[in-house]
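Here the structure comes first, spelled out in structure tokens, and everything after it is commentary.
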Amino acid sequence: MNFEDIKPLIEKYQGRGPRYTSYPTALQFTDKFTDVDYQEHVFASNQQPVPRPLSLYFHIPFCQSLCYYCGCNKVVTHKMSQVEHYMDHLYQEIEMQSNLYDGDRFVEQIHLGGGTPTYLSSEMLEEMMEVVAQSFHLGLPSKLQMAIEIDPRTVNAQRAAELVGIGFNRVSLGVQDLDPVVQKAINREQSFEEISDIVSATRDAGGDSVSFDLLYGLPHQTLPRFQQTLERVLTLKPDRIALYNYAHMPDKIASQRLIETSALPSASAKIELFLLAHRELDAAGYVYLGMDHFALPTDPLAIAFRNNTMQRNFQGYSTHAGCDLVGMGVSAISHVNGCYSQNSTSIKAYSESISHNRLPVARGFSLTHDDMIRADVIQRLMCQGSIHPVEISRTYDIIFEQYFYSELDILKGFVSDGILTVQDNGWQVTDIGRYFLRSIAMVFDASLPKVQQPNVALLVSQQSAYSNLL
């Protein structure tokens, strides 16, 4: 691909919009949705003839130091009493949630995010996994994926091996950038050697997958500096790479006010950083999956992409289809049987709910029939890169061309720009079009004014400071 062909389209399709880890997006969640509503959805899910497997997410909000760029729900503390108090409440929530699900609901995926999950010691993580195993029915070891996000500053080679021993077969390292000047500007100083040791130890211990998170658009980032970071990253050959755009929103994220605004790359410089990264990763053989994510051709996610079985949820892209997602911990989001529910975002409110033996659901959303149709269309676009009207019409008993009459008129512009092609069975996203998936998806978002939808590509996440440039 000639990446220069993307530049004029970037200039045309600019704006703000969601990342569509859910539809409707989190902005549509309401506090009218309660824990009672959530439990009703779980009960309905249990009644399905073929029970859906479960995917569990646990939010560990604690960090040892403040990373200036980060917009995640986090608490910087060195008070272990606060951590232990939170974990006690998390264990209570695990028990409360597990009691809702029938015994034939097997867990196929576990993911720990944060904050910094590796803030917890290996002993604490092992204890937590024992609580999970005693509460839920875990799937076969060959099918169970256990992933954990790692701050390299909290893990050495020995701990990396211990994590694999506990059962974490997938690890994601927050690398961000390897340049010392950039690292100092964002208060995230970590050496290449530390990261390399973790990767080697994880693989030697039998870990299945190593992922890296990278950020572009950070203060003091230049093409030569970022080129060096990419070259060093590629020597470690991570199985997956997530390339995120740093979205500077100091009015919403207080810690970002500590970043020197004048040191940030210009909008045009960020585009060049983006194009540089995509050229380098393409040349190194990585498959671009869309929406920030790359994978080696042999990685299960790349295989799922080729087989049109890739899925998208709050953790990004996944190989596991058809799971009910159960989120536990502060701010965690669940997606169960046509509803979204989010826990309280403050530890105090979260703990108070648990102390009163009440699920800490603070808000959520029950999908309507129209929401389910649009969510399906958007999911297919984000993952398979296609729209097949006959399949949608048959599944939801609609006439697609009539139901989406105004939306299909807008799609003509994407066809003219080479982002979509018209085929006998519908529309197919082109190779260049994969860089504008959100732009296309926004056409089908009922909460957005249709007149604005064609002009969106420089998208900023509604849920995180880790939004993508494209």
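Summary of values
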read-out: Disulfide-incompatible cysteines by the Cβ rule (no partner under 4.7 Å) in the chain; value: 63, 72, 323, 339, 383
read-out: Approximate shape of the range 130-199 as ellipsoid semi-axes (Cα gyration tensor, √5λ), whole Å, largest first; value: 30, 12, 10
read-out: Farthest positive-ward along the range 1-86 dipole, Cα basis, beta-carbon charges - from 33, 64, 51; value: 64
read-out: Eligible aspartates and glutamates near residue 32 by straight Cα distance, threshold 16 Å, same-chain separation 8 or greater; value: 40
read-out: Rounded percent of accessible protein surface that carbon and sulfur make up, the range 361-409, 1.4 Å probe; value: 53
read-out: Net length gained if the chain between residue 309 and residue 370 were fully extended (0.36 nm per residue, minus Cα distance); value: 19.6 nm
read-out: For the range 131-136, 3J(HN,Hα) per residue [Karplus equation, 6.51 cos²θ - 1.76 cosθ + 1.60, θ = phi - 60°, Hz, x = Gly/Pro]; value: 5, 4, 5, 6, 9, 10
read-out: Within the accessible area of the range 8-153 (1.4 Å probe), percent carbon and sulfur; value: 50
read-out: Options 384, 406, 368, ranked by Cα towards positive dipole end of the range 348-442, top entry (Cβ charges); value: 368
read-out: Partner aspartates and glutamates for residue 252 [C-alpha distance under 20 Å; skip if fewer than 8 residues away on the same chain]; value: 260
read-out: Helix-only CD estimate at 222 nm, as mean residue ellipticity for the chain, using -39500 (n - 2.57) per DSSP H run (n ≥ 4); value: -11000 deg cm²/dmol
read-out: Rounded D (µm²/s) - the range 30-160, Kirkwood Rh over Cα pairs, Stokes-Einstein at 25 °C, 0.890 mPa s; value: 149
read-out: Accessible surface, the chain, averaged per residue in Å² (probe 1.4 Å); value: 41
read-out: Distance (nanometres) between label positions extended 7 Å along Cα→Cβ at residue 121 and residue 431; value: 5.3
read-out: Cα→Cβ-extended label distance, 7 Å offset, between residue 395 and residue 187, nm; value: 4.4
read-out: Charged-residue dipole, Cβ positions (Lys, Arg, Asp, Glu), the chain about Cα centre, Debye nearest 20; value: 840
read-out: Residue 145 long-range amide H proximity, modeled H, under 5 Å; value: 109, 110
read-out: Cα Rg, Dmax, the chain, angstrom units; value: 21.7, 62
read-out: Förster-model FRET efficiency, 45 Å R0, residue 282 and residue 77, C-beta, rounded to 0.05; value: 0.60
read-out: Per-selection metrics, the range 101-236 (Cα): Rg and Dmax in Å; value: 16.7, 55
read-out: Inter-label distance, nm, simple model (7 Å from Cα along the C-beta direction), residue 34/residue 345; value: 2.2
read-out: Exposed trypsin sites (Lys or Arg not before Pro) absent - longest run of the chain, DSSP non-H/G/I/E/B, at most 11 other C-beta within 10 Å; value: 253-470
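The values are calculated or read from the model by the stated rules, or taken from the named source; none is laboratory data. All values derive from a computational prediction rather than experimental measurement. Cβ sites come from the backbone with ideal geometry, for glycine too, and all protein chains shown count toward neighbours. Side chains included, ligands, DNA and RNA excluded: accessible areas come from the protein's heavy atoms. Shrake-Rupley method; radii C 1.70, N 1.55, O 1.52, S 1.80 Å.
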